[in-house]
1. Show the residue pairs meeting these rules: Cβ distance below 6 Å; 6+ apart or different chains; first residue within segment 145-162 and free of Cβ contacts under 8 Å to residues at least 12 places away in the same chain and at negative phi; second residue surrounded by 11 or more Cβ atoms within 10 Å (Cβ to Cβ) and outside any loop (DSSP other than H, G, I, E, B).
2. From the residues in segment 1-35 that are farther than 23 Å from residue 174 by Cβ, at pLDDT 90 or above and not in a helix (DSSP H, G or I), which one is farthest from the chain's Cα centre (by Cα)?
3. Which residues, taken from segment 207-237, are within 16 Å of residue 173 (Cα to Cα) and touching a residue at least 60 places away in the same chain (Cβ under 8 Å)?
4. Among residues belonging to segment 150-173 that are touching a strand residue (DSSP E or B) at 6+ places or on another chain (Cβ under 8 Å) and either part of a loop (DSSP other than H, G, I, E, B) or at pLDDT below 95 (or both), point out the one that is surrounded by the fewest Cβ atoms within 10 Å (Cβ to Cβ).
């Protein structure tokens, strides 16, 4: 999943995209590099962020999605917590709603997704972007994350929502300490019990730097690639990344090393042209 940040303040400055045309060019590049989804967001969710007015988010996101939907062939997701933005994005051509607030059953966005049967990413977060890294606390992080997923999935199921359309995101970087992140990562395979796709978004995040001493997002591509390789071994299905080309190469190699045949590699392990 390639990231399109139509923002002015996302934590990774090099990912900020200032115009719809630039968003299209980036999306086409990502599609060519191997992306199978594009995620478009207009509101930064970095730690401490306060959010933006709905009208501003709409102006950033909806025209971009409308343009991308006309030119790219892969599915689009909209990264938003607002029901009105999600509805307009779906009407403009988006296919999936990616809700970092976790699709709470008492939210307007939950109502929209449940009623319209929209495919959705359900992400775990403790708190809000403004507060999430202020002393996040768990008794057992894996059980609590999975418990939250169970609550939301049960609520969706009661509404007749087709649960196979849900995607689970444990929320790396959202209301968790470094030990929480590392333990949650070690237990990723336990999420297989839900029989749903698992998405992780670790790309260039600060907890990666906390393990290696890299101080800025621009330095954290190697750490990101390591999580992609490790995530594949833990049955992660979707990686939300800024750097599609490099992560796609790592993913192909990781699958190959695990004994799978990848696109462009035949059963004898010899490279063959695919385009």
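The values are calculated or read from the model by the stated rules, or taken from the named source; none is laboratory data. Please read all numbers here as calculations on a predicted model, not as lab measurements. Note that we place each Cβ from the backbone using ideal geometry, even for glycine, and neighbour counts take in every protein chain shown.
1. Taking only residues 6 or more apart or on different chains, the pairs are 157/163.
2. That would be 19.
3. Once the filter is applied, which keeps residues that are within 16 Å of residue 173 (Cα to Cα) and touching a residue at least 60 places away in the same chain (Cβ under 8 Å), segment 207-237 yields only 217.
4. 172
Let's see how each residue does on (1) more than 22 Å from residue 136 (Cα to Cα); (2) under 19 Å from the mean Cα position of the chain (by Cα); (3) at pLDDT 95 or above:
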{"position": "194", "(1), (2), (3)": "yes, yes, yes"}
{"position": "220", "(1), (2), (3)": "yes, yes, no"}
{"position": "223", "(1), (2), (3)": "yes, yes, yes"}
{"position": "245", "(1), (2), (3)": "yes, yes, yes"}
{"position": "252", "(1), (2), (3)": "yes, no, no"}
